[in-house]
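Here you go, one structure.
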Amino acid sequence: MIPELGHFALILAFCMALVQGILPLVGAHRGQLAWMGIAFPAARAQFLFVAIAFACLAYAFLAKDFSVAYVAQNANSLLPAIYRFSAVWGAHEGSLLLWALILCGWTVAVTVFSRSLPLEFSSRVVGVMGLVSVGFLLFMLGTSNPFERLLPMPADGRDLNPLLQDPGLVIHPPMLYMGYVGLAVPFSFAIATLLEGRLDAAWTRWTRPWTLIAWVFLTLGIALGSWWAYYELGWGGWWFWDPVENASFMPWLIAMALIHCLAVTEKRNTFKGWSVLLAIFGFSLSLLGTFLVRSGVLVSVHAFATDPARGVFILTFLGLTVGSALLLYAWRVSNVTRRGGFDLLSRESLLLTNNVLLSVAAATILLGTLYPLLLDSLNLGKISVGPPYFNAVFIPLMMPLVFLLGIGPLTRWKKERFKVLGSRLKLAFLISVLLAGALVGLTAIPSSLMVAIGLGLAVWVTYTALQAIAARFRYGQDRWRTLRAIPLEFFGMTLAHLGVAVFVVGVTLASSQSVEQDVRLEPGGAQTLAGYEFRFDGVAETMGPNYRAQQGEIRVFRSGELVATLFPQKRIYPVQPQPMTEAAIDPGLTRDLYVALGEPLGDGAWSVRLYYKPFVRWIWLGPLLMAIGGLVAASDRRYRLIKQARRAAVLDKMPNELGLAREGAQ
Amino acid sequence: MIRYVLPLAVFLALVSLLAIGLTRDPRLVPSPLVGQPAPAFALTDLQQPDHTVTRADLLGKVFLLNVWATWCVSCRAEHEVLMQIARQGDVPIYGLNYKDDRQEAVRWLQRLGNPYVRNLYDPEGQVGLDLGVYGTPESFLVDQKGVIVHKHVGPITAAIWQQELRPVINAVKAR
Amino acid sequence: MRRRRQRMVLVALILAGVTGATALAIAAIGQNMLYFFSPTQIKAGEAPQAHNFRVGGLVVANSIQRDPDGLTVRFDVTDNLNTVTVAYRGILPDLFREGQGIVARGQLSHEGQFVAEEVLAKHDENYMPPEVHEALQTAESGGRMNAVAEDNP
């Protein structure tokens, strides 16, 4: 009964989405208030129905209702309750439902926080989001119904893929989807603006916090995924340039470009068309990512079960959504662009360079991801493009970006004199070069030019970010008041930039200084790696709730002192007769010790993989800082004062003297 | 003007690439085993563990060899259709019980009905490997001389039976 | 006029940058793409010597051998028509098993062995790397009721 209720709720949600997607848009076009007024209640009703459907599926999982095919495939009576719950989004159908739920959640958030927007505009935004929702609900009802029954009911389920039975994977997909789907908000704002045919700076002020928050979620989601891959896949890698990873990485890059672009549009009232285009691209890449993951056109470690019918549907949906958005863009954007003058050396051109670099980076990743498909389509052979390609292209693009990141916040808008900027940056540059040289030269670590560049860039970014804050202090007499006068947005930016520095340190050191070794260890045997002695005390059998495991015990000593005792496991989940390597890690701020069991080699000996990974935590610490920075920036007072936003909307229609005045305060 | 339309043009090119990618469905690639004799085997009968069945026992008639397992959820969906096909009696169905547990498989047949003339028990998947079976369900049409004439991957549905398998069976029989 | 010239310089710089990046990407793709060959293609001499590529197929039953050091493994990979022996030093992935579809990346040695740097097996009982199943010229399990796959989109 409950599953049928869920299915029914899903159908009702679809009807609501149709109402929400059509009436408000027509109403806004014709200027009918009553029709526009439908937008908010329809969005909330749709959210309610999708939430009911989601609750029904969750209930089916928790109640072990194996008569539901999706539950039977992804759960088992022995599966712990928390994983039965997270199994809701453990495979295709349920993760689509989560998508839809999150999309409705974002729409409701828009209806709550955008009450002060002009009704015509907000009903257009909500209408566009409704249309997106129509597509997803139709997809679910048509090709991937999670409530399908399986009769007669099997005695037990096939269990969740053991890889997904992990706390990291409980939160990673929701985070990632929050980010993916959150990009629908700036997208809808952009489409609504194009529909209205005018683009004022108020648009950017409304869009920025949404973009920031979506980007924050995307950042956390990607970082969590990387962290999960690190400890769960048992290979100690943290990024594989896998198509599915790329699918989330491209929208992240574009969203980041959009955040920077919106800054220019808001402060200087230029780059409008570019902002709109980036907003469209960001969500398009989210949809493209969904297509690539779901249609199975690409080879991936992560690929979902493939189904051509689903592929055709998503491709059609992608074509319609993005095609019409770009058509609208081509048709309308010339009405909204306006050029603002700025010099070759100015914050505008630096941010423009940032945008170009980020977009080109996203494009090269897209190229690398789709190139195998392209060659295959042209019958030129089956190839794969591996990490070497992505590293060869991505790293050279990011180095100038990180370098410019140090300059941007210290450069003035509109026009900057080269000499002035140079004198401002001289010290920072000198310190970076010297410190990096000292770090590489004085420590005994094996190093290279890349290590020096990486560390130098990290110092450079840190120093300039602090310098930019310090510069603000110098203006006022009263320190405390000056501090409070600095907008949160500025602190957010600084934090995010420091996050980049932390990340760069992590990547540089973890990728260049890691030591790994596969060894054969007998009980009582030992192996020394990077100054740590790993002593193997043998393997014993243990049991988990739904698996049995061979658990090794390895004690790690440094100069004779016990550092850690590690228990790597080799698990077998009997329902899906699949072995799983569960690595054991001793984490630390400056290094991780990582041990994974290989295979038994007879006589109690095992092959064991040992890793020493310095500063690897910083790889996730950096994104965490970036995310916190994003949150801080999004909570800036300007975005909270809704009434003020409305007033500003009126003011912004005047020429940009006002924009300049506000910029002066910044 | 061009720079406004450019994104659209690039996007359309991308969509057509993806569309071509979609048409390259790996399932449409014919199996190299089609047109070749079915591999030899000697397996025990599922329901009579002391009986051994060999390739020669099956020959003489066109038959459908269906690879299934109790752990395979789509086999359950397919089972209904197999029951109908068995009732129509156009073609005998032999089952290859793949990487499965004998007791559970027998119980499955007792509960859901048995469309198979005979079931071969292949717990190690050895014959499955020879046949190039990767997943379940898969079905092979084998002619009177033991040559594989057609292979279907995935569950047989009523539509697939009508449009895909039956015409082949009729053609083979008419040969 | 000055502003106009500056804009031209900016556009030129960006164009140069984008062109540079494109050239970089194309060069990198040319160097780093890995072709896929089936055991039959290798037997026919289509695969390159002294160059990395990938090979895929099913692991032949009872073909797995370990060297005395315990870490080097040799096994045969088949596409049901031909086989090639793969040598790999290191820890095999969890799902490596006889009868399992795998993809290995590495080079051909002079003795005709494939020396792998990396061996991949996919994480699903019913899932097989598309190349493998094209190499096997069989298709993947259909019905997709096996929606068990990793969720990391």
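The values are calculated or read from the model by the stated rules, or taken from the named source; none is laboratory data. Everything quoted here is computed from the prediction, not taken from an experiment. All Cβ positions, glycine included, derive from the backbone under ideal geometry; neighbour counts span all protein chains shown.
Kindly provide the set of residues from segment C:6-41 that are touching a Leu at 6+ places or on another chain (Cβ under 7 Å) and in the same structural domain as C:Gln107 (by TED's automatic domain parsing), ordered by number.
The one that is touching a Leu at 6+ places or on another chain (Cβ under 7 Å) and in the same structural domain as C:Gln107 (by TED's automatic domain parsing): C:Thr40.
Hand me the list of strands (runs of 3 or more DSSP E) wholly inside segment B:66-168 holding 1 or more residues that are farther than 15 Å from B:Leu43 by Cα.
B:93-98, B:138-142, B:148-153
Further, regarding this structure: Filtering segment A:330-341 down to residues that are at pLDDT 70 or above and more than 7 Å from chain B (Cβ to nearest Cβ), which residue is nearest to A:Leu199 (Cα to Cα)?
Looking at residues that are at pLDDT 70 or above and more than 7 Å from chain B (Cβ to nearest Cβ), I get A:Arg332.
Does A:Leu593 qualify as being part of a strand (DSSP E or B) and either in contact with a helix residue (DSSP H, G or I) (Cβ under 8 Å, 6 or more places away or on another chain) or within 13 Å of chain C (Cβ to nearest Cβ) (or both)?
Answer is no for this residue.
How many residues, within segment A:596-620, are of a type in the set (D, E, K, R) and in a strand (DSSP E or B)?
Of the residues in that region, 3 qualify.
Which of the numbered conditions does A:Val181 fail, given that it passes all the others? Conditions: (1) surrounded by fewer than 19 Cβ atoms within 10 Å (Cβ to Cβ); (2) under 22 Å from A:Val312 (Cα atoms).
Among (1) surrounded by fewer than 19 Cβ atoms within 10 Å (Cβ to Cβ); (2) under 22 Å from A:Val312 (Cα atoms), A:Val181 violates only (1).
How many residues are in contact with a Gly (Cβ under 9 Å, 6 or more places away or on another chain) and within 14 Å of chain C (Cβ to nearest Cβ) if we restrict to segment B:140-155?
6
Report yes if A:Val112 is β-branched (Val, Ile, Thr) and either in contact (Cβ under 8 Å) with a residue 12 or more places away in the chain or in contact with a strand residue (DSSP E or B) (Cβ under 6 Å, 6 or more places away or on another chain) (or both), otherwise no.
no
Consider segment A:549-588. How many of its residues are surrounded by 15 or more Cβ atoms within 10 Å (Cβ to Cβ) and either part of a strand (DSSP E or B) or among the acidic types (Asp, Glu) (or both)?
Matching residues across segment A:549-588 total 25.
Let me ask another. So which residues in segment B:48-68 are surrounded by fewer than 23 Cβ atoms within 10 Å (Cβ to Cβ) and within 17 Å of B:Glu124 (Cα to Cα), if there are any at all?
B:Pro49, B:Thr52, B:Val53, B:Thr54
Take the conditions out of contact with any Lys or Arg (no Cβ under 9 Å at 6 or more places or on another chain), without any contact (Cβ under 8 Å) to a residue 12 or more places away in the chain and within 30 Å of A:Glu93 (Cα to Cα) and apply them to A:Gly237. Does it pass?
yes
Here is a yes/no grid of residues against (1) modelled with pLDDT of 80 or more; (2) within 13 Å of chain A (Cβ to nearest Cβ):
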site: C:Thr19; (1), (2): yes, yes
site: C:Ile26; (1), (2): yes, yes
site: C:Met33; (1), (2): no, yes
site: C:Thr40; (1), (2): yes, no
site: C:Ala44; (1), (2): yes, no
site: C:Asn62; (1), (2): yes, no
site: C:Arg66; (1), (2): yes, yes
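Of all residues in segment A:250-274, how many are of a type in the set (Phe, Trp, Tyr) and over 16 Å from A:Phe342 (Cβ atoms)?
Result for segment A:250-274: 1.
It is to be established whether one or more residues within segment A:418-427 are part of a helix (DSSP H, G or I), within 20 Å of A:Leu498 (Cα to Cα) and not basic (Lys, Arg).
Yes: segment A:418-427 contains one or more residues that are part of a helix (DSSP H, G or I), within 20 Å of A:Leu498 (Cα to Cα) and not basic (Lys, Arg).
Which numbered condition in (1) modelled with pLDDT of 95 or more; (2) surrounded by 21 or more Cβ atoms within 10 Å (Cβ to Cβ) is the only one that A:Ala87 fails?
(1)
Same structure again: Going by what's in this entry, would A:Gly538 be described as within 14 Å of chain C (Cβ to nearest Cβ) and part of a strand (DSSP E or B)?
no
Look at segment A:198-235 and say how many of its residues are not acidic (Asp, Glu) and not in a helix (DSSP H, G or I).
Count: 5.
Within segment A:132-155, is even one residue touching a residue at least 24 places away in the same chain (Cβ under 8 Å), buried (at least 24 other Cβ atoms within 10 Å of the Cβ), assigned by TED's automatic domain parsing to the domain that holds A:Arg30 and more than 27 Å from the chain's Cα centre (by Cα)?
There is at least one residue in segment A:132-155 that is touching a residue at least 24 places away in the same chain (Cβ under 8 Å), buried (at least 24 other Cβ atoms within 10 Å of the Cβ), assigned by TED's automatic domain parsing to the domain that holds A:Arg30 and more than 27 Å from the chain's Cα centre (by Cα).
A further question on this structure: Does B:Ala56 satisfy being free of Cβ contacts under 8 Å to residues at least 60 places away in the same chain, assigned to a loop (DSSP other than H, G, I, E, B) and under 22 Å from B:Val149 (Cβ atoms)?
no
Just give me the residues in segment C:67-108 being over 15 Å from the mean Cα position of the chain (by Cα), among the hydroxyl-bearing types (Ser, Thr, Tyr) and crowded, with 17+ Cβ neighbours inside 10 Å, in sequence order.
C:Thr78, C:Thr83, C:Thr85
Taking the stated definitions as given, is A:Phe66 crowded, with 19+ Cβ neighbours inside 10 Å, outside any helix (DSSP H, G or I) and of a type outside the set (Gly, Ala, Ser)?
yes
Would you mention how many residues in segment B:5-20 are under 35 Å from the mean Cα position of the chain (by Cα) and more than 8 Å from every other protein chain (Cβ to nearest Cβ)?
1
Restricting attention to segment A:567-610, which residues are more than 21 Å from A:Ala510 (Cα to Cα) and of a type in the set (A, V, I, L, M)?
A:Ile572, A:Val575, A:Met580, A:Leu597, A:Leu601, A:Ala605, listed by residue number.
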